[in-house]
Amino acid sequence: MPKGMIKFDGQLSVSDPHRSPVLIIGQTKHLSRTTFNDVKMKLEPKVTEEIFKSAVEMLHPSPTDICSLYLNLAAVAALPTKCSRHNSPAQGHAVTKLVKNWSSGTDEFIVIICEKKDAFASACAVARAYPLYSTKSSGMSTSHNVMVEFLLVDDESLNETDLRCLTVAAEGVQLAARIVDTPCSEMNTTAFLKEIEEVGVALGIKPMVIQGHELDRKGFGGIFSVGKAASHPPALAVLSHTPEGAQETIAWVGKGIVYDTGGLCIKAKTAMTGMKRDCGGAAGILGAFYVSVKMGFRSNLHAVFCLAENAVGPNATRPDDIITMYSGRTVEINNTDAEGRLVLGDGVAYAQKDLHANIIVDMATLTGAQGTATGKYHAALLTNNSDWEHATVQAGKNCGDLVHPVPYCPELHFSEFASALADMKNSVADRSNAQPSCAGLFIGANLGFDYPGVWVHVDMAYPVHCGERATGYGVALLATLFGHKSEQELLRNTSPFEQANGPVLENASKKIRLV
């Protein structure tokens, strides 16, 4: 297989740990049910049955534990035994950490012992442990091969289409992470458009692109004002999947700020580092679109990318400038560092007015306050529909891309944007008043709070990365949340709508929720 590829299998192959290192991972309850005969093809002749049994008995995860079986080439690892109601039962974050810490950077095997319901989340977790972008001249290579083999404990099996789904999902996660990890000197708006075009080629879809001054002429005041000072022009790009007979229209709108200096309200030197990650929402949506369409999406699906570099220059938007959004609403700029909501406001308005979407999801690295509100692992979720709030939270638990709701209350919070000169300002008057909710409401205001469809906003400023590496956040979340629209059974079974098997969630997209 090509170098750097993660391949999945539903059964264990014969390998010698001396030549092919192997890590066996599972919850203690599953490891204790695993006999040496189940795994000996990965361990013999270097590891005996006695050593394996003793190692499993010695595991006392707190929260995880790992025991070497043969030098540093074979090991067994236990996942946390406890799982709170706000965590993923598959313990994806622990899987990623264990694999990252153990990986030798050579061709290797990962054996996952789990139930079938956790296979998708586990596969995505392994993919997060193997980022692709690197410019190191020496050291660990990012181009080694990884074979992930599943040993299911619930008398289920993974068929060829299931394994293909896991492979495509891993590709989507790694694609998103690679884009986010790549510095703006390489991943500018022009380069991001090429990434979109390449996904389009893979799916047989030609993207629609509006770029540069054409944005201004067509009324996209939000995107144009943010990106007009950069050497690479801002752009709105759309990938559209429209299968025959589809009646429902879904739009995913991604914030693609390839670098955020803060504009003329420039960030401090310590706050600016890492702002290459401000395109994480768009990157996650690109990866999720690739996975969902590749696996057979049965509704109309549009991926809308709002691309700009928030640069400093003579053409930069100034505080006090007033712009007109694509929605027709006027905005008095009081903070050029509150730019993500401007590009997304144009994106969701386009999804509503031109694409006629009745379900709109926007995803963005929107606020630093997200980390304060919901932490490093849970994105902040804001939505006008309580059923979709419940479904999105459950989707996060099912796949490992965790989310947690923040208050949706426009009548109390939207007044923070009051302006004497325009319809609204772009930054709040009181930064201590539910900032993640307020930032999301600015985007929602461009739909109108009487929008009769479903609107879901995901602020993933902190989950987009772990340490210095991107996580590919959002790919698994969207693929899972909309898994019930897929022709692929494994994705359907991860979807909270499919699992609900009842009218509440099945009809959620048809409900109208007014302020």
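The values are calculated or read from the model by the stated rules, or taken from the named source; none is laboratory data. Everything quoted here is computed from the prediction, not taken from an experiment. Note: ideal-geometry Cβ built from the backbone for every residue, glycine included; neighbour counts use all protein chains shown. What goes into the accessible areas is simple: the full protein's heavy atoms, side chains included, and nothing from ligands, DNA or RNA. Shrake-Rupley method; radii C 1.70, N 1.55, O 1.52, S 1.80 Å.
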Could you state how much accessible area GLU468 has, in square angstrom rounded to the nearest 10, with a 1.4 Å probe and all protein chains kept in place? 150 Å²
Shape category assigned to region 141-198 from the gyration tensor of Cα positions, a/c cut at 1.5: prolate
Which percent, nearest 5, of DSSP beta bridges in the chain are antiparallel? 35 percent
From the Cα trace of region 212-262, what convex hull volume per residue do you get, rounded to a whole Å³? 110 Å³
Per residue, how much accessible surface does region 244-310 expose to a 1.4 Å probe? Answer in Å², no decimals. 29 Å²
Accessible area per residue of region 16-129 at 1.4 Å probe, in Å²? 44 Å²
Per the C-alpha gyration tensor (a ≥ b ≥ c, the square roots of its eigenvalues), region 187-247 is rounded if a/c is under 1.5, else prolate if a/b beats b/c, else oblate; here it's oblate
Run the reach check for LYS117 against lysines, Cα to Cα strictly under 27 Å, same-chain hits fewer than 8 apart removed. What comes back? LYS7, LYS29, LYS40, LYS42, LYS53, LYS82, LYS97, LYS100, LYS294, LYS376, LYS397, LYS485
accessible surface per residue for region 380-467, probe 1.4 Å, DNA/RNA/ligands not counted, whole Å² -> 32 Å²
Each label sits 7 Å from Cα toward the beta-carbon; between ALA418 and ASP16 the label points are separated, in nm, by 7.7 nm
Can you check what the net charge comes to around SER20, using other residues whose Cβ is under 9 Å from the Cβ of SER20 (Lys, Arg +1; Asp, Glu -1)? -1
Å³ per residue of the Cα convex hull, for the chain? 142 Å³
What number comes out for the charge environment of LYS267, summing +1 per Lys or Arg and -1 per Asp or Glu over other residues with Cβ under 12 Å away? -3
Excluding ligands, DNA and RNA, the carbon-plus-sulfur percentage of the accessible area of region 170-236 with a 1.4 Å probe reads 51 percent
Based on the alpha-carbon gyration tensor of region 276-328 and its eigenvalue square roots a ≥ b ≥ c, which shape applies: rounded if a/c is under 1.5, prolate if not and a/b is larger than b/c, or oblate? oblate
How big is the accessible area of LYS228 in square angstrom, nearest 10, if you roll a 1.4 angstrom probe over the protein chains? 70 Å²
Keeping all protein chains in place and using 1.4 angstrom, which order do MET187, MET208 fall into by accessible surface area, from largest down? MET208, MET187
With +1 at each Lys and Arg Cβ and -1 at each Asp and Glu Cβ, the charge dipole magnitude of region 381-462 around its Cα centre, to the nearest 20 debye, comes out at 180 debye
With +1 assigned to the C-beta of every Lys and Arg and -1 to the C-beta of every Asp and Glu, and no other charges, what is the dipole magnitude of region 70-164 about the Cα centre in debye, to the nearest 20? 600 debye
Tell me the carbon and sulfur percent of the accessible area for region 1-158, rounded to whole percent, probe radius 1.4 Å. 50 percent
Over the C-alpha atoms of region 1-129, what are the Rg and the largest Cα-to-Cα span, Dmax, in Å? 13.8, 42
Ordered by packing density, taken as the mean number of other Cβ atoms within 10 Å over each peptide's residues, highest first, how do 278-285, 189-196, 401-408, 240-247 rank? 278-285, 401-408, 189-196, 240-247
Given a 1.4 Å probe and every protein chain left where it sits, what share in percent of the accessible area of region 264-319 is carbon and sulfur? 54 percent
Where in the chain are the DSSP H helices whose alpha-carbon span along the long axis reaches 24 Å or more and whose Kyte-Doolittle mean is at least 1.0? none
So what does GLU57 come to for accessible area, using a 1.4 Å probe and Å² rounded to 10? 140 Å²
Roughly how many whole Å is it from the C-alpha centroid of region 293-346 to that of region 1-74? 48 Å
